[in-house]
Amino acid sequence: MSVARFWRKIPQRYNLIGTTCTTCGRYFFPPRSFCPDCRRAGNIVDYKFSGKGAVVTHTVIRTASEQFEKMTPYVLAIVKLDEGPRITAQLVCTPEEVRIGMRVKPVFRKIAADGESGVIYYGTKYVPAE
Amino acid sequence: MRDVAVIGAGCTTFGEKWNMSFRNLFVEAGILALEDAGVAGEQIDGLYVGNMSAGRFVEQEHIGALIADYAGLASHHIPATRVEAACASGGLSFRQAVISVASGMEDIVVAAGVEKMTDVASGASVDTLAGAADREWEGFVGATFPGLYAMIATDYMNRYPLTREQLAQVAVKNHFNGARNPIAQFQQEITIDTVVRSSLVADPLRLFDCSPITDGAAAVVLAPLDRAREFTDTPVKVLASAQASDTITLHDRRDISTLDASVAAGRRAFQMAGLSIADIDLVEVHDCFTIAEICAIEDLGFCRKGEAGRLTEEGVTALDGDIPVNTSGGLKACGHPVGATGIKQVFEIIQQLRGEAGKRQIDGAVIGMTHNVGGTGATVAVHILGV
């Protein structure tokens, strides 16, 4: 991923800045600039998510793409944020710990790197919050 | 709108074809289809080719022209168009060809699909396939394709009665069918033990729950129904062509375990054909993973949500069952060259409806269905064919 492509999403990846539509009250993460429900009647503003949520479903990745090969096995989950949106994220826990409905909270972590001398990508992972 | 018929079909063998290049694969399938149709190159009015990622797999774009050129059609200057929708590229290529003929714009049209996947290492192909999902918000955090379908499986098994053995039976059944298909990548039967003892890829999915990395190409020739008998005694009519889309990410779906695009495309296809599931003699569904076949059977309406595992276990979807599913061996055993799969599904239905499917022939089959999925369900193409 190019530096500009990563840099432009730093507010979302580091600080969970999404959006909300003040017309209907729906929350969006990742942010949307166009409300699918209100369409042109929508009014989109930034919103900082707490990041707290619960596991909807999960897996353990044991065969990964090149960037993640050295990190296997890792736990991947869909997390439903308390405001409503669902996201895909890694969980910092053992494969035995993860379960559906488990409460989680965000942590700032290294996600991947472009080789040994390339860009290091940081972002948000989740840890059990119980 | 004109009625459309398939007048010829061809397919390469599927597998790790180290001695075949991207363009060789397509030319082989194209020649087989044209010979089958009895059509000469200069009679072709248009060409559509489904291809997911020649750019990543063989660093080649501009596929439409390349293929027309190597098919020997450069001097005819026919319109040649690449169609891309990840693993549904072939299904959409077929649909574009159907639309073209139905509209009256073109008469003799080739719909093809091709993918050459083994020229990159497996880590690179895993990453390329992850591009069928959302790169920014799924791939970036380490989601793989098997991982996304594994999360469907986890959700499904938490909500519905599906045992590990029932899920494995999907692969066992598809390998049984593949063993009777001379183009299949895997022509060996397996047991439930083979599946449940294979290595974990993304829990709960194991290696034998996953379709393989495959090279292959397939092509079919379409014509207006009222001209079809100029070329063949066995035209197959296109009874319905439907397509639907949904959110690109799995996490944004209304229901993790239901592919709403499959539901929508299936309903549209039945409505267009004026048929119901009771009319379908066999169906090729998109079993990129065993759980995907379970979802597809239900989402297309062959049974209620939560019942497909039991149906599979009871043999209802087997060759001799009430609803034979994936007689070709499916993506699991026949192989999954992503851009070619949607056309291979049509190829299988053509063979079955003509009574040319050999050891896997469904006796008396007159109506068949194909179901081709892009990504985790963001695009679905459904076709119904009949004689």
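No value in this document is a laboratory result; all are computed from the given coordinates. A quick note: this is a predicted structure, and the numbers were derived from the prediction, not measured. Note that each Cβ is placed from the backbone with ideal geometry, even for glycine, and that neighbours are counted across all protein chains shown.
Positive contributions from Lys and Arg (+1) and negative ones from Asp and Glu (-1), summed over other residues with Cβ under 12 Å from the Cβ of B:A217, come out at +1. Separation of the alpha carbons by more than 23 angstrom is noted, of A:K70/B:K17; A:K52/A:K110; A:K9/B:K116, for A:K70/B:K17; A:K9/B:K116. Magnitude of the charge dipole for the protein assembly as shown, about its Cα centre and with charges confined to Cβ atoms of Lys, Arg (+1) and Asp, Glu (-1), is about 1920 debye. Rg/Rh for segment B:67-122 stands at 1.04; both radii use Cα atoms, and Rh follows the Kirkwood definition. If every alpha-carbon in segment A:50-90 counts as one equal scatterer, what log10 I(q)/I(0) does Debye give at q = 0.21, 0.22, 0.27 1/Å? Summing over Cα pairs of segment A:50-90 leads to -0.65, -0.69, -0.83.
Remark: segment B:107-203 projects, on average over all directions, an area of 10.1 nm² (convex hull of Cα atoms). With K and R counted +1 and D and E -1, the other residues having a Cβ less than 15 Å from that of B:T13 yield a net charge of -1.
For segment B:153-302, the percent of C-alpha pairs falling in each 5 Å distance bin, counted from 0 to the bin holding the largest distance, reads 1, 8, 13, 17, 16, 18, 13, 7, 3, 2, 0. A compact globular protein would have a Cα radius of gyration near 2.2 N^0.38 Å; the ratio found for segment B:252-387 is 0.96. When chain A is treated as a GNM with alpha-carbon contacts under 10 Å, the residue of A:D82, A:D46, A:D37 showing the greatest mean-square fluctuation is A:D37. Extending 7 Å from Cα along the Cβ direction at B:Q43 and again at B:H76 yields two label points whose distance is 1.0 nm. The mean number of partner chain beta-carbon atoms within 10 angstrom of a residue's beta-carbon across peptide A:50-62 is 6. All Cα-Cα separations within chain B were binned at 10 Å from zero, giving a P(r) of 6, 27, 37, 24, 7, 0, each value a whole percent of the pairs. Within chain A, A:C24, A:C93 have no other Cys Cβ under 4.7 Å of their Cβ and so lack a disulfide-compatible partner by this rule. Would you work out which of A:I10, A:Q67, B:S122 lies farthest towards the positive end of the dipole of the protein assembly as shown? Charges go on Cβ: Lys and Arg +1, Asp and Glu -1. Working it through, the farthest residue towards the positive pole turns out to be A:I10. For segment A:13-95, the list of chymotrypsin sites (Phe, Trp or Tyr not before Pro) that fall in a loop by DSSP and count at most 13 other C-beta atoms within 10 angstrom reads A:F34. Using a Gaussian network model of chain A with C-alpha springs under 10 Å, which one of A:E83, A:E97, A:E66 is most mobile by mean-square fluctuation? Comparing A:E83, A:E97, A:E66 in a Gaussian network model of chain A, the most mobile one is A:E66. In this structure the amide hydrogen of B:G15, modeled in the peptide plane, comes within under 5 Å of the amide hydrogens of B:D215, none closer than 5 places in sequence on its chain. Taking every alpha-carbon pair under 8 Å whose residues sit at least 6 apart, segment B:1-76 reaches a relative contact order of 32 percent.
Counted over chain A with a bin width of 5 Å, the fraction of Cα pairs per bin, in whole percents, is 2, 10, 18, 19, 18, 16, 10, 5, 2, 0.
Along each principal axis, taking the top coordinate minus the bottom one, the Cα set of segment A:51-128 gives 38, 23, 16 Å in descending order.
Structural descriptor for segment B:253-336: relative contact order 31 percent, calculated from alpha carbon pairs under 8 angstrom and at least 6 residues apart.
For segment B:1-50, taking Cα atoms only, Rg and Dmax work out to 12.9, 43 Å respectively. Each Lys and Arg Cβ is given +1 and each Asp and Glu Cβ -1; about its Cα centre, segment B:131-228 then shows a dipole of about 260 debye. Available extension along the chain between B:T163 and B:M272 is 35.7 nm, counting 0.36 nm per residue and deducting the alpha carbon span. When the Gaussian network model of chain B links Cα atoms closer than 10 Å, the mean-square fluctuations of B:R197, B:R360, B:R267 top out at B:R197.
For segment B:214-325, the Stokes-Einstein estimate of translational diffusion at 37 °C and a viscosity of 0.692 mPa s comes to 203 µm²/s, using the Kirkwood hydrodynamic radius over alpha-carbon pairs. Assuming a ≥ b ≥ c are the square roots of the Cα gyration tensor eigenvalues, decide whether the protein assembly as shown counts as rounded (a/c under 1.5), prolate (otherwise, with a/b larger than b/c) or oblate. Since a/c reaches 1.5 and a/b is larger than b/c, the shape of the protein assembly as shown is classed as prolate.
Approximating the spin labels as points 7 Å out from Cα along Cα→Cβ, the A:V92-to-A:Y122 distance works out to 1.2 nm. For chain B, the membrane-span-like helices by this rule, meaning whole DSSP H stretches whose C-alpha atoms cover at least 15 Å of axis and whose Kyte-Doolittle mean is 0.0 or above, are B:22-37, B:89-103, B:145-159, B:260-273, B:338-353; this says nothing about an actual membrane. Computed extension gain for B:R135 through B:K305, at 0.36 nm per residue and net of the alpha carbon distance, reaches 58.2 nm. Segment B:57-107 and segment A:47-69 have their alpha-carbon centroids 37 Å apart.
When the charge dipole of segment B:330-387 is built from unit charges on Cβ atoms (+1 for Lys and Arg, -1 for Asp and Glu) and taken about the Cα centre, the candidate among B:V380, B:H336, B:L353 whose Cα reaches farthest toward its positive end is B:H336. Based on Cα contacts under 8 Å between residues 6+ apart, chain B shows a relative contact order of 26 percent. Taking label points 7 Å from Cα along the Cα-to-Cβ direction, A:A129 and A:R99 give a separation of 1.9 nm. Counting only DSSP beta bridges whose two residues both lie in segment A:51-128, roughly 95 percent are antiparallel.
Here is how the number arises for the protein assembly as shown: DSSP H runs of 4 or more residues each give -39500 (n - 2.57), the sum is divided by the residue count, and the result at 222 nm is -8500 deg cm²/dmol.
Each Lys and Arg adds +1 at its Cβ and each Asp and Glu adds -1 at its Cβ; summed about the Cα centre, segment A:58-130 shows a dipole of about 200 debye.
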